[in-house]
Amino acid sequence: MAALSPRLRRGLCVALLGLCGLTVAFLVVLLARTYSMKPAASAFGIWARKGDRRIEAAFSPQERQELKEALKGAIRLQTVSFAPDDQNTTALAEFGLYIRKVFPAVFSAPFIQHEVIEEYTHLFTVQGSDPQLQPYMLLAHIDVVPASPPGWDVDDPFSAEEYDGFIYGRGTLDNKNSVMGILQALEFLLRRNYRPRRSFYIGLGHDEEVGGQKGAVKIAAELESRGVKLSFLLDEGMFILDGVITGLKKPVAIIAVTEKGAVTADFSVTMVPGHSSAPPKRTSIGILSEALSRLEQQPLPNMFGKGPESMMFEQLAPEVSTEQDVFSFLHSGN
């Protein structure tokens, strides 16, 4: 290969220097913007309404113990879903009796209606004092996926064993924590003579882990038949993540207001049967393979960074401590 001329070498050097300068400038701007960010106003400050009656979350030691024991009792009931037609219905029935015992105020309040759908799903209607306000809904699910002892830090994943300040058991995160948290909050509020202004619904499905056709789907159909229009709906939510998001040293409570969706598609090819002695030029398997290949080659566009996750990164960026953590943090969003 012929040597580069002096003029060409000078041009390449200038171009490389310019590229390096742009890169340095970009990094300076990036770091400056990261460290200059200030967390946005708290949601409480944004959403606070003048004149609203608010009850402080001041629990007595007895109530704190009650809250913990209620969750433990729920974890011990093995409400396992193996398949849509294979569930531990005995445990599901026991769970219905259990919440009636643990939350007497919820089941006795005159403005709360309780219904059982498809034998094991629970629907609560909490009538607010102002019928002009559009209702909302809180959702959670009672059933859990199967669990076997291997891989757990405790011998029995349904023991609800307390260890180092944590309760271990199937359902502690998915999703009996939400089930019991919603009902416990309502129970404590009712004890303090609280009645909401806005009506709301609580839906506790019993088959979410296997599709939700008997639980959530039936709840939706029932509310639709009544002409119910919801202002908003809150489902499972997320966890407090500690050491999960790269670059962050503090625990982070993720609200998770959106969720990535999924699509299941069925493909079929119908052809006239043939014989191996005179095979057709194209087979049904070949046509189906081409269709799947074309689908795979045309994925949906990557929309990351164009939704609420961008606000999440902006909120978390000031908590990143060092330059190395900044790059790790940004890389974690790729």
> open to solvent by less than 50 Å² (accessible area, probe 1.4 Å) and under 22 Å from F82 (Cβ atoms), is that true of I167?
Replying inline: no
> Do we find a residue being on the phi < 0 side of the Ramachandran plot, open to solvent by less than 50 Å² (accessible area, probe 1.4 Å), of a type in the set (G, A, S) and not in a loop (DSSP other than H, G, I, E, B) anywhere in the range 121-140?
Replying inline: yes
> A317 is checked against (1) modelled with pLDDT of 85 or more; (2) open to solvent by less than 70 Å² (accessible area, probe 1.4 Å) and fails just one. What number does that condition carry?
Replying inline: (1)
> Based on what the data block shows, is S310 at pLDDT 90 or above, open to solvent by less than 60 Å² (accessible area, probe 1.4 Å) and out of contact with any Pro (no Cβ under 9 Å at 6 or more places or on another chain)?
Replying inline: no
>> Would you confirm, using the coordinates I've provided, whether F103 is open to solvent by 70 Å² or more (accessible area, probe 1.4 Å), in contact with a helix residue (DSSP H, G or I) (Cβ under 9 Å, 6 or more places away or on another chain) and either within 23 Å of T172 (Cβ to Cβ) or aromatic (F, W, Y) (or both)?
In response: no
> Going by the structure shown, is V228 among the aliphatic types (A, V, I, L, M) and under 30 Å from Y136 (Cβ atoms)?
Replying inline: yes
> When you look at R226, is it among the basic types (K, R), closer than 27 Å to I99 by Cα, loosely packed, with under 14 Cβ neighbours inside 10 Å and in contact with a Gly (Cβ under 8 Å, 6 or more places away or on another chain), yes or no?
Replying inline: no
> Within the group E162, E236, E259, which residue is out of contact with any Pro (no Cβ under 6 Å at 6 or more places or on another chain), surrounded by fewer than 19 Cβ atoms within 10 Å (Cβ to Cβ), assigned to a strand (DSSP E or B) and modelled with pLDDT under 95?
Replying inline: E162
>> Out of everything in the range 141-155 that is modelled with pLDDT of 95 or more and either more than 21 Å from E208 (Cα to Cα) or in a loop (DSSP other than H, G, I, E, B) (or both), what residue ends up being farthest from the chain's Cα centre (by Cα)?
In response: P146
> Which members of the range 298-310 meet the condition of being without any contact (Cβ under 8 Å) to a residue 12 or more places away in the chain and in a helix (DSSP H, G or I)?
Replying inline: S310
> So R282 clears everything in (1) open to solvent by less than 100 Å² (accessible area, probe 1.4 Å); (2) free of Cβ contacts under 8 Å to residues at least 40 places away in the same chain except one condition, right? Which one?
Replying inline: (1)
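The values are calculated or read from the model by the stated rules, or taken from the named source; none is laboratory data. Computed from a predicted model, the values in this text were never measured in an experiment. Note that each Cβ is placed from the backbone with ideal geometry, even for glycine, and that neighbours are counted across all protein chains shown. The accessibility values were calculated without ligands, DNA or RNA, using every heavy atom of the protein model including side chains. Shrake-Rupley method; radii C 1.70, N 1.55, O 1.52, S 1.80 Å.
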